[in-house]
Structure formats: C-alpha cells, structure tokens
Protein chains: 2
Amino acid sequence: MAAKGFRCSAVGAGIKVRKDALDLGMLLSDLPATAAAMFTTNRVQAAPVRLDRELVATGRKLRGVVVNAGNANACTGVKGTRDAAAMVALAAACTGSPKDTFLVASTGIIGRPMPMAKVTAGIKDAAGRLGRSKEHAQGFERAIMTTDLAPKSAAVEFLIGGRKVRLGGSCKGSGMIAPNMATMLAFLTTDCAISAPLLRKALREVVGTTFNCVTVDGDCSTNDSVLLLANGAAGNRPIRSAGSAYNAFRAALLHVSEELAKAIARDGEGATRFVEVRVIGARREADALRVARSIASSPLVKCAINGGDPNWGRIICAAGYSGAEVKPSKLQLRINGVLLFKGGMPTRVAPEKLHACMKPKEILIHLDLAQGNRRGRIWTCDFSREYVNINADYHT
Amino acid sequence: MAAKGFRCSAVGAGIKVRKDALDLGMLLSDLPATAAAMFTTNRVQAAPVRLDRELVATGRKLRGVVVNAGNANACTGVKGTRDAAAMVALAAACTGSPKDTFLVASTGIIGRPMPMAKVTAGIKDAAGRLGRSKEHAQGFERAIMTTDLAPKSAAVEFLIGGRKVRLGGSCKGSGMIAPNMATMLAFLTTDCAISAPLLRKALREVVGTTFNCVTVDGDCSTNDSVLLLANGAAGNRPIRSAGSAYNAFRAALLHVSEELAKAIARDGEGATRFVEVRVIGARREADALRVARSIASSPLVKCAINGGDPNWGRIICAAGYSGAEVKPSKLQLRINGVLLFKGGMPTRVAPEKLHACMKPKEILIHLDLAQGNRRGRIWTCDFSREYVNINADYHT
C-alpha cells in the first residue's frame with residue numbers, strides 16, 4: 001500500500017482449488033476513511049456487490065475491505081447474502097472496527113456456496129497478519145488473482161498545498177472482462193483528505209475512461225467492483241471544492257486507474273499482445289467509443305492480431321457494423337503508425353513494412369473517422385488458442 | 001435448382017488461391033423473374049451490394065445472378081464499382097439477357113482488386129455450361145463456398161390453388177457471421193407467380209427470424225446478401241394479396257430459409273456443436289432476442305460448450321449484461337431439457353446428468369425470463385481452438 005495509514009494482509013484459506021495458494025486478503029485503514037465505489041452493470045449481481053452498494057450509499061466512514069478469490073458468491077441465494085454480511089461483520093470484529101465499516105469483494109466460481117468455515121478461519125488469520133511492508137502489499141495483490149498471470153499494482157505521489165499525498169491500488173482481471181465493469185476487482189487507497197462528494201465525482205469520471213475502456217472478451221461479470229478509500233492521513237487541507245487541488249487528485253487517480261486498466265488488458269486470458277484502439281475525428285465521443293469497442297471486441301480482428309496479420313479489412317468491417325455513423329471513403333487507418341487504408345481503399349505498402357507493423361507486442365490501431373474532433377480509446381488484447389483452452393477446460 | 005425454369009452452372013476461374021476449385025457460379029431464369037433482396041447493414045458495403053441494391057430498387061424483372069468466391073470486391077474503390085457493373089453487363093450479354101437484368105455477389109478477401117481477366121473468362125465459360133441437373137446445382141453450391149466445409153441447400157414443394165410450386169435455395173456462411181446479414185450469401189429461387197410487393201414483404205419477414213438469427217462470431221460483413229427470384233413458371237394464379245396462398249408461400253420461404261440459416265450455424269468456422277438459444281417469457285420480443293443474442297455471442301459461453309461444460313453461470317451472466325430487463329430470481333435455465341438454474345440458484349443435479357446434457361452435438365439452451373409471453377431464438381455454434389487457427393492464419 002503506497003498510501004499512509006493503510007495495512008494489508010493475505011492468507012491461504014483453502015478456498016481456491018490449489019491448496020497452497022493465497023486466496024483471502026484484507027485491507028485496513030488506521031483512520032476512518034471516506035469511501036467511493038463503482039460496480040458491475042450486470043443485472044445479475046453477486047451478494048458482495050449488493051451489500052457494498054448499500055454500505056457505500058450510507059455515506060458512513062469505512063475502515064477496510066475483505067476480499068476472497070476462488071468463489072464469487074454469485075447466484076448463491078439467501079445463504080450468499082448472509083455469508084457476505086457475515087464476512088463484513090467478522091472482518092470488523094477481528095480488527096476492532098465498528099459494525100458495518102468493511103466492504104467485501106469476491107471473485108471466482110459462480111453458484112457454489114461460500115465455504116464459510118474456511119472463510120471464517122481465513123479472516124481471523126488475516127486480521128492478525130496486517131502490515132505495511134512491500135511483502136504485505138504483494139501478498140494482497142496475489143490473493144485477489146484468479147486466472148491472472150501477474151499481480152497488478154500502481155502508485156503515485158503528488159503534492160497538495162505542499163503536502164505529499166499518495167494514491168495506489170491493485171487489481172485483478174483476466175477473463176470475463178468488458179466495458180462497464182468486467183470481472184475485475186480494483187482496490188484503490190489514498191491518504192488524501194477529500195470530501196465524499198468529490199471523491200465519488202472523481203471516481204465516476206475516471207472509471208469511465210479507464211476501467212470501463214478495457215475489453216477482453218465482451219463478457220461483463222456479476223462481481224466487478226472498484227473500491228476507493230481515502231483516509232486523510234497525508235494531513236493535507238481537505239479538498240472540498242473543484243479547483244487545482246481537486247484536479248491534482250483527479251489526475252493522480254486517472255494515472256493509477258489507467259495503469260491498472262492497461263495491466264488488465266495486457267494480462268487478458270491467453271493474451272500475447274496488448275492492443276490500444278484509438279478512434280479520432282468522431283462527431284461525438286460516444287461514436288468514437290462505439291467504433292473503438294466494435295473493433296476491440298471483434299473475434300476476427302483479435303485472431304488476426306494473434307496471427308500477426310495486418311488484416312485492415314476486418315478492422316474497417318468492424319467499424320462499419322459498429323452502429324456509429326461511418327463514411328468508408330473518409331476513413332484513415334494506421335497500425336503502429338503505418339497508413340494502411342485511405343480513400344475507401346488499401347494503401348500501397350511494401351509487404352515487409354506491412355508485416356513489420358504487427359510484430360511489436362504493443363499494437364496501436366489508430367482510426368480517423370474524419371468527421372469531427374471527438375475521440376475515444378479502448379484497450380484490449382488478442383484472441384489466442386490459449387484463451388479457448390482456458391475457457392473450454394475451466395471446470396464448472 | 002428445385003424450382004422450374006432455372007438453370008445454373010459453376011466453373012473454376014482461378015480466383016480462389018486453390019487453382020482447381022470452383023469459384024464462379026451463374027444462375028439463370030428462363031423467364032423474367034420478380035426479385036426481392038436484403039443486404040448487409042454494415043456501413044462499409046462491397047461494390048456488388050451497392051449495385052444490387054440499385055438494381056432491385058428499380059423494380060425491373062431480372063434474369064439471373066453471377067457470383068464469385070475468392071474475392072469480396074469490397075474496399076476496392078472506383079475500380080471495384082466498375083468491375084461489379086462489368087460482371088453484370090457481361091453475364092447479361094453472354095446469356096442473351098437484356099441489359100441490367102443480372103445481380104452480382106462476391107465473397108472472399110477484402111481490398112484486393114478483382115482479377116477481371118479471370119472473371120471475364122469465367123463468366124463466358126459459365127454461360128456456356130448452364131443446366132438443370134443435380135450436378136449443376138451441386139456445382140453452384142460448391143462455387144460459392146469460402147471456408148465452408150459443406151455445401152448448403154434446401155428445397156420444398158407446396159401447392160397453390162392445386163398447382164405444384166417449388167422453392168429452393170443455397171447459401172454460404174462460415175466466418176464473420178452475425179445477425180443483420182453476416183458474411184453470408186443466399187440465393188433463393190421459386191417458380192411461384194407472386195407480385196413484387198408481396199415477394200419483398202415475405203422475404204423481409206422471413207429474413208428477420210431466420211438468417212438474421214444466426215451468429216457465429218458477432219462479425220457482420222460487408223457483402224451479405226439474400227437474393228430471391230420468382231419466375232412464375234409454376235403457372236399458379238399469381239399471388240397478389242395476403243391470404244392463404246400468400247401464407248403457403250411465406251411458410252415455404254420460412255422453411256427453406258430456416259434450414260439454410262441453421263446449416264450456416266452448424267458449419268460455423270471451427271464449429272463442433274450446433275446451438276439453439278431459445279428465450280421465452282419475455283415482455284417484448286426484442287428483449288427475448290437481446291438476451292438470446294447476448295448468450296449466443298458470449299465467447300465464454302461458446303468456449304464452455306466447446307469443452308462440454310454445462311457452465312450455467314456464464315449463461316446467466318450473459319443474460320444479465322444483455323441490457324434487457326432480467327430478474328435473476330425469476331430465471332429458469334434448461335440445457336437439453338435439464339433444469340440447471342431456478343430461484344436465483346443452481347438446482348441440484350446429479351453430476352452424471354449434468355455432464356450428459358452437454359454431450360449431444362446439438363445443444364438447446366432454454367431460458368425462461370418468466371415476465372411475459374414473448375420469445376426469441378438465435379442459432380450459433382461453439383468456439384473452438386480451430387476457429388482461432390482458421391482466423392489467426394488466414395492470410396491478408
């Protein structure tokens with residue numbers, strides 16, 4: 001945890017199939033913290049999501065988060081609701097925090113009852129292991145992983161009124177990632193003092209252009225949550241209105257969220273390449289995003305990228321069926337800077353140059369609609385045989 | 001060709017990479033035929049699509065269709081427009097038909113100029129080989145294939161006023177298949193005498209619940225076309241108003257279109273299983289279709305089906321993010337008749353029964369929203385390693 005006044009821990013509670021894996025994490029603020037959160041837009045919402053939504057809506061100051069991997073506590077009926085509440089109550093009790101001051105997040109298999117004996121023991125264990133070291137943070141990052149190959153974290157320091165302020169976070173992603181909060185859990189902490197309305201405003205603004213701009217497979221999950229706690233331990237003059245201090249905070253939040261969101265795309269299930277789809281020249285931002293999403297979600301485009309094939313035809317085609325106003329004769333398409341399509345036709349590019357543009361591990365698909373000055377950007381990854389392997393063999 | 005008064009032919013013109021493959025087909029009606037057509041909704045439309053749209057809009061009686069595989073004549077600029085027109089003119093001239101009485105369809109690689117020397121020779125050759133035999137029809141079915149593994153055709157006979165009437169068709173599909181006219185070409189012929197307005201009405205109604213209800217990968221192409229010619233050779237009293245004769249015609253068209261649409265899903269790229277997603281109990285048909293499409297388009301669901309995994313969690317999840325009004329606690333999900341989810345939770349099903357329901361090559365996903373009495377249905381296939389192989393290695 002980069003931010004002052006936060007501790008965390010991780011334990012292996014035996015929830016994941018792999019017995020020795022870390023699968024339960026805890027995050028605690030020394031001081032009561034202002035909270036903001038955003039959740040999945042899926043109509044089917046896991047029990048922890050429903051509970052957190054209520055807790056955050058009370059406006060109460062919160063103390064921490066308890067999170068488990070291995071079981072999503074989704075589609076688990078009344079027992080699931082009770083289990084989520086029990087996790088909140090127990091985490092608060094074990095850390096000496098007031099009632100209902102913990103948030104809870106779960107990720108993993110859908111439709112299995114939470115193994116509450118293991119979870120209970122795990123929470124008690126985790127509460128006794130809280131700490132501030134780098135190892136503690138790394139343990140937490142690992143405990144929230146499911147099919148992620150790498151832990152994901154980011155942090156930044158900035159000044160507010162001469163005071164050093166910190167903001168950091170970690171997240172998990174991998175499968176079932178799509179715009180509008182995919183199976184993604186992100187935990188953000190800051191020691192900035194900031195009012196609840198501004199904290200929420202900043203989170204809402206930032207999530208729209210970061211976490212919501214990632215797509216791995218278009219599947220938006222039941223459990224997605226971005227949780228942000230601000231405990232004021234930096235001692236800055238509290239931010240209570242929009243202005244330069246708020247802007248500095250928002251910029252820091254944007255930076256960390258962007259890093260985390262990109263890390264999710266980079267570590268998409270089976271991914272071999274990171275892809276940014278940038279659409280410019282749109283009449284409205286919504287059109288730019290619609291085109292970018294259509295390209296980033298096309299299995300044909302993603303397979304072509306996997307094969308290192310500069311298949312501009314599939315990209316132009318996906319732009320065409322996006323539903324946005326697109327004039328084929330105006331489109332200009334570049335991949336990693338090489339102009340491939342203009343005036344309704346492919347350009348003449350030497351074959352070596354054509355294939356070289358697809359070689360890097362980071363692919364920038366840049367499409368100019370030439371109709372206005374709005375833009376949008378989506379991050380994704382390629383589609384590999386490995387993605388199918390992972391998802392055909394994942395056991396229900 | 002099942003319908004009377006139609007002839008067809010197929011030749012290998014050398015347009016496809018495989019030199020010995022059939023790749024140019026021709027279809028000719030002995031009598032001037034009433035035409036109806038529907039095309040891709042993609043904003044990027046191939047030259048043949050733009051030309052056919054104009055030709056059909058004139059209301060002129062038509063004589064035939066010329067079609068090639070191996071080159072889509074899409075994103076080919078002014079030359080592409082000229083080439084499509086040249087194909088129409090040449091096909092008419094070579095068959096002694098009046099000017100502008102042929103439609104043209106192309107499928108294959110996007111953005112390459114049409115090899116017009118080969119195409120010209122192919123059209124001349126095809127015009128000299130027209131015939132009515134089963135072998136002629138089978139040749140035509142093969143000439144329109146791209147990555148299709150099997151030719152696709154269907155036919156039906158029915159009575160109108162005591163007269164035997166025939167309606168048949170063939171189509172190609174495979175990759176880039178999605179609702180709203182995917183890369184799919186379908187050619188339908190009938191010897192029914194029917195007015196142009198009713199022919200168009202029937203086609204519009206039928207396409208909405210058949211060809212538009214297929215999805216392989218969500219990619220909607222630049223070239224999709226369904227062309228229908230009615231030459232009246234059956235000698236029935238012409239259908240000029242809605243009524244029992246119209247209903248008989250519409251039922252025949254529905255049957256043939258449904259068979260062809262299912263054949264496309266069954267032969268989707270890399271498909272190992274045919275899937276019907278049926279959603280009932282919706283308040284509006286659009287909601288039912290939206291939920292069905294969301295499930296049928298989910299890569300996670302499709303990978304699970306490939307792996308024979310009854311992963312109801314992914315199905316419920318895809319219903320949840322469809323954007324339609326869905327109440328998790330009301331949902332009832334059956335796979336091949338086995339009730340898997342009810343009351344917001346999975347049912348208790350014996351493991352053998354659970355896994356047995358995914359064994360058949362035909363999978364019926366049946367979801368009851370329990371909110372009304374509208375329904376919708378989408379056909380698709382599973383998502384395999386082979387799909388990625390085909391589309392990562394397909395050469396631009």
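Take residue B:172 and decide whether it is at pLDDT below 90 and surrounded by 19 or more Cβ atoms within 10 Å (Cβ to Cβ). Steps first, please.
Details: at pLDDT below 90: yes; surrounded by 19 or more Cβ atoms within 10 Å (Cβ to Cβ): yes.
It is true that residue B:172 is at pLDDT below 90 and surrounded by 19 or more Cβ atoms within 10 Å (Cβ to Cβ).
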Legend entry - Matching residues, segment B:298-317, being out of contact with any Asp or Glu (no Cβ under 7 Å at 6 or more places or on another chain) and either more than 7 Å from chain A (Cβ to nearest Cβ) or under 15 Å from residue B:358 (Cβ atoms) (or both): B:301, B:303, B:304, B:308, B:309, B:310, B:311, B:312, B:313, B:314, B:315
Inset, instruction - Give the residues of segment A:1-18 that are surrounded by 24 or more Cβ atoms within 10 Å (Cβ to Cβ) and either more than 17 Å from residue A:70 (Cα to Cα) or in contact with a Cys (Cβ under 7 Å, 6 or more places away or on another chain) (or both), sorted by residue number. - result: A:1, A:3, A:6, A:8
Inset, instruction - Only residues that are assigned to a helix (DSSP H, G or I) and more than 8 Å from chain B (Cβ to nearest Cβ): list them for segment A:318-353, please. - result: A:329, A:330, A:351, A:352, A:353
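Kindly indicate whether residue B:230 is crowded, with 24+ Cβ neighbours inside 10 Å and in the same structural domain as residue B:41 (by TED's automatic domain parsing). Lay out the reasoning, then the answer.
Numbers: crowded, with 24+ Cβ neighbours inside 10 Å: yes; in the same structural domain as residue B:41 (by TED's automatic domain parsing): yes.
So residue B:230 passes the test.
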Inset, instruction - Sort out which residues of segment B:184-212 are closer than 23 Å to residue B:7 by Cβ and not charged (D, E, K, R), and write them in order of number. - result: B:185, B:186, B:187, B:188, B:189, B:190, B:192, B:193, B:194, B:196, B:199, B:203
Legend entry - Failed criterion for residue A:295 (all others in (1) more than 30 Å from residue B:312 (Cβ to Cβ); (2) within 12 Å of chain B (Cβ to nearest Cβ); (3) without any contact (Cβ under 8 Å) to a residue 60 or more places away in the chain hold): (3)
Inset, instruction - Search segment B:129-164 for residues being out of contact with any Pro (no Cβ under 8 Å at 6 or more places or on another chain) and closer than 30 Å to residue A:345 by Cβ, and hand back the single one that is surrounded by the most Cβ atoms within 10 Å (Cβ to Cβ). - result: B:143
Inset, instruction - Considering only segment A:372-387, state which residues are over 18 Å from residue A:297 (Cβ atoms), in contact with a helix residue (DSSP H, G or I) (Cβ under 6 Å, 6 or more places away or on another chain) and within 14 Å of chain B (Cβ to nearest Cβ). - result: A:385
Inset, instruction - Test residue A:363 against the stated conditions and say whether it is more than 9 Å from chain B (Cβ to nearest Cβ), within 26 Å of residue A:264 (Cα to Cα), of a type in the set (A, V, I, L, M, F, W, C) and in a helix (DSSP H, G or I). - result: no
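Listed here are the residues, each with its yes/no results for (1) in contact with a Cys (Cβ under 8 Å, 6 or more places away or on another chain); (2) in contact (Cβ under 8 Å) with a residue 24 or more places away in the chain; (3) of a type in the set (Asp, Glu).
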| position | (1), (2), (3) |
| --- | --- |
| B:91 | no, yes, no |
| B:100 | no, yes, yes |
| B:116 | no, yes, no |
| B:136 | yes, yes, no |
| B:140 | yes, yes, no |
| B:162 | no, no, no |
| B:189 | no, yes, no |
Legend entry - Options B:276, B:259: the member that is under 17 Å from the mean Cα position of the chain (by Cα) and in a strand (DSSP E or B): B:276
Legend entry - Top-ranked residue of segment B:54-77 - restricted to ones that are surrounded by fewer than 24 Cβ atoms within 10 Å (Cβ to Cβ) and in a loop (DSSP other than H, G, I, E, B), ranked as farthest from the other protein chains (Cβ to nearest Cβ): B:61
Legend entry - Number of the exception - residue A:264 against (1) touching a residue at least 60 places away in the same chain (Cβ under 8 Å); (2) over 18 Å from the mean Cα position of the chain (by Cα): (2)
Legend entry - Considering residues of segment A:24-47 that are assigned to a loop (DSSP other than H, G, I, E, B) and in contact (Cβ under 8 Å) with a residue 60 or more places away in the chain only, the residue surrounded by the fewest Cβ atoms within 10 Å (Cβ to Cβ): A:41
Inset, instruction - Say whether the condition of being closer than 24 Å to residue A:168 by Cα, out of contact with any Pro (no Cβ under 6 Å at 6 or more places or on another chain), among the aliphatic types (A, V, I, L, M) and assigned by TED's automatic domain parsing to the domain that holds residue A:206 is met by at least one residue in segment A:37-45. - result: yes
Legend entry - Subset of segment A:366-389 that is part of a helix (DSSP H, G or I) and of a type outside the set (Phe, Trp, Tyr) - its residue that is farthest from residue A:292 (Cα to Cα): A:389
Inset, instruction - From the list B:126, B:21, B:92, B:85, pick out the single residue that is surrounded by fewer than 20 Cβ atoms within 10 Å (Cβ to Cβ), assigned to a helix (DSSP H, G or I) and not β-branched (Val, Ile, Thr). - result: B:85
Legend entry - Filtered residues of segment A:233-246 (kept if among the polar types (S, T, N, Q) and either surrounded by 15 or more Cβ atoms within 10 Å (Cβ to Cβ) or free of Cβ contacts under 8 Å to residues at least 40 places away in the same chain (or both)): A:236, A:244
Legend entry - Per-region count, segment B:106-123, residues surrounded by 24 or more Cβ atoms within 10 Å (Cβ to Cβ), closer than 16 Å to residue B:81 by Cα and modelled with pLDDT of 95 or more: 2
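Identify, from the list B:330, B:342, the residue that is over 30 Å from residue B:148 (Cβ atoms), of a type in the set (Lys, Arg) and in contact (Cβ under 8 Å) with a residue 12 or more places away in the chain.
Step by step, each of B:330, B:342 is checked, and only B:330 is over 30 Å from residue B:148 (Cβ atoms), of a type in the set (Lys, Arg) and in contact (Cβ under 8 Å) with a residue 12 or more places away in the chain.
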Legend entry - Complete set of residues in segment B:247-292 that are within 12 Å of another protein chain (Cβ to nearest Cβ), crowded, with 24+ Cβ neighbours inside 10 Å and modelled with pLDDT of 90 or more: B:291
Inset, instruction - Please state which of the following conditions residue B:302 fails to meet, knowing it meets all the rest: (1) over 26 Å from the mean Cα position of the chain (by Cα); (2) at pLDDT below 90. - result: (1)
Legend entry - Residues of segment B:95-123 classified as part of a helix (DSSP H, G or I) and over 30 Å from residue A:330 (Cβ atoms), total: 6
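If you check B:96, B:80, which single one turns out to be farther than 20 Å from residue B:143 by Cα, in contact with a helix residue (DSSP H, G or I) (Cβ under 7 Å, 6 or more places away or on another chain) and assigned by TED's automatic domain parsing to the domain that holds residue B:24? Let's see the steps before the verdict.
On the way: B:96 fails: in contact with a helix residue (DSSP H, G or I) (Cβ under 7 Å, 6 or more places away or on another chain).
The match here is B:80.
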Legend entry - Among (1) in a loop (DSSP other than H, G, I, E, B); (2) out of contact with any strand residue (DSSP E or B) (no Cβ under 6 Å at 6 or more places or on another chain); (3) within 30 Å of residue A:330 (Cα to Cα) - the single one residue B:50 does not satisfy: (1)
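Residue check: is residue B:82 closer than 21 Å to residue A:316 by Cβ, within 14 Å of chain A (Cβ to nearest Cβ) and modelled with pLDDT of 95 or more? Reasoning before the result, please.
Details: closer than 21 Å to residue A:316 by Cβ: yes; within 14 Å of chain A (Cβ to nearest Cβ): yes; modelled with pLDDT of 95 or more: yes.
Taking the combined requirement at face value, the residue satisfies it.
The values are calculated or read from the model by the stated rules, or taken from the named source; none is laboratory data. Please read these numbers as outputs of a predicted model, since none were measured by experiment. Glycine gets a Cβ as well: all are built from the backbone with ideal geometry, and neighbour counts include every protein chain shown.
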